[in-house]
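Okay, here's the structure, questions in a sec.
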Amino acid sequence: MKKKLTVDVCLSPYLYPVYHRDDAIVVVIDILRATSAICTAFHYGVDKIIPVASVEEATEYKKQGFLVGAERNGIALEGFDFGNSPYSYMSDKIKGETVVISTTNGTQAIEASRNAYKVVIGAFTNITALCNWLKLQDRNVLLLCSGWKNRFNIEDSLFAGAVADNLLADNTKYKSGDAALATSILYQSAHLNPYKYIRYSSHAERLAALRLKHDIKYCLTLDQTTIIPVLEGKYLVKMA
Ligand code: 3SL
């Protein structure tokens, strides 16, 4: 009998070293809003994205003439071209360009998992394409939640649960780690109205206070794109 593949969830980048496996595909998740913004940027024609962890690196790229998005604590940093709203990437300005992005948590999670077998980007906006692609791979899957400053958050866990739930439906192929099981139960209790479920979460409240409720709603919208961004060296590119 063929050995089952494992689907698991790492609830914080801080825990990544504990969950790392050499052969697993890592899906980086930052629903509010980095991975949703990245998927949107590719859908609107960006050629490549360079995710960077620090504002210093982002500043260096800006000096070299790159278009740069930089956000900290939900606020777009002054002196850069974009913040982290998916809406800011719905623009002709990015078509065919390489854009650099640095965010509070999302780009930190990408940095933490750089040494994985493969790193791809997940969001509700590309969820069906992502799940279908994952099911075609013969690989263990690790869903990495960016969280908030290394803490658990609901929105990333909910998305991880949605993907886990989808993959684990084939229990002849996949088995779950405990965190995958827990998040898929979370998803099952929330899937009929995810907005209602997350609107009192700390980051949704933070974004609502910044008058960004429309961003939250967009980031919960399913299947706006079929593009799966994948990390190749220092670049995120559109998966061929
Ligand atoms: O944490 C991140 O990387 C950001 O997505 C946070 S925010 O939604 O832009 O506030």
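The values are calculated or read from the model by the stated rules, or taken from the named source; none is laboratory data. Being a predicted model, the structure only gives us computed values, none of them experimental. Glycine also receives a Cβ, built like all others from the backbone with ideal geometry; neighbour counts cover every protein chain displayed. Accessible surface is based on the protein model in full, side chains and every heavy atom, while ligands, DNA and RNA are left aside. Shrake-Rupley method; radii C 1.70, N 1.55, O 1.52, S 1.80 Å.
What single numbered condition from (1) in contact with a strand residue (DSSP E or B) (Cβ under 7 Å, 6 or more places away or on another chain); (2) closer than 19 Å to Gly74 by Cβ fails to hold for Leu142?
The number of the failed condition is (2).
Let me ask you something else. Name every residue in the stretch 87-111 that is more than 15 Å from His43 (Cα to Cα), part of a helix (DSSP H, G or I) and either out of contact with any Phe, Trp or Tyr (no Cβ under 9 Å at 6 or more places or on another chain) or open to solvent by 40 Å² or more (accessible area, probe 1.4 Å) (or both), in order of residue number.
Gly106, Thr107, Gln108, Ile110, Glu111
Sticking with this structure for a sec: Taking the stretch 14-38 as the search range and keeping residues that are in a loop (DSSP other than H, G, I, E, B) and within 16 Å of the ligand (Cβ to nearest atom), which one is surrounded by the most Cβ atoms within 10 Å (Cβ to Cβ)?
Asp30
Is it the case that the stretch 144-151 has a residue that's farther than 16 Å from Ile50 by Cα, within 13 Å of the ligand (Cβ to nearest atom), basic (Lys, Arg) and open to solvent by 20 Å² or more (accessible area, probe 1.4 Å)?
Yes, that holds for at least one residue.
Counting only residues that are within 13 Å of the ligand (Cβ to nearest atom), part of a helix (DSSP H, G or I) and open to solvent by 50 Å² or more (accessible area, probe 1.4 Å), how many does the stretch 186-213 have?
Counting residues in the stretch 186-213 that are within 13 Å of the ligand (Cβ to nearest atom), part of a helix (DSSP H, G or I) and open to solvent by 50 Å² or more (accessible area, probe 1.4 Å) gives 5.
Take Ala58 and decide whether it is more than 29 Å from Leu134 (Cα to Cα), within 16 Å of the ligand (Cβ to nearest atom) and either open to solvent by 70 Å² or more (accessible area, probe 1.4 Å) or of a type in the set (A, V, I, L, M) (or both).
So Ala58 passes the test.
Mind telling me which of the residues Asn73, Asn84 ends up being near the ligand (Cβ under 10 Å from one of its atoms) and open to solvent by 40 Å² or more (accessible area, probe 1.4 Å)?
Asn73
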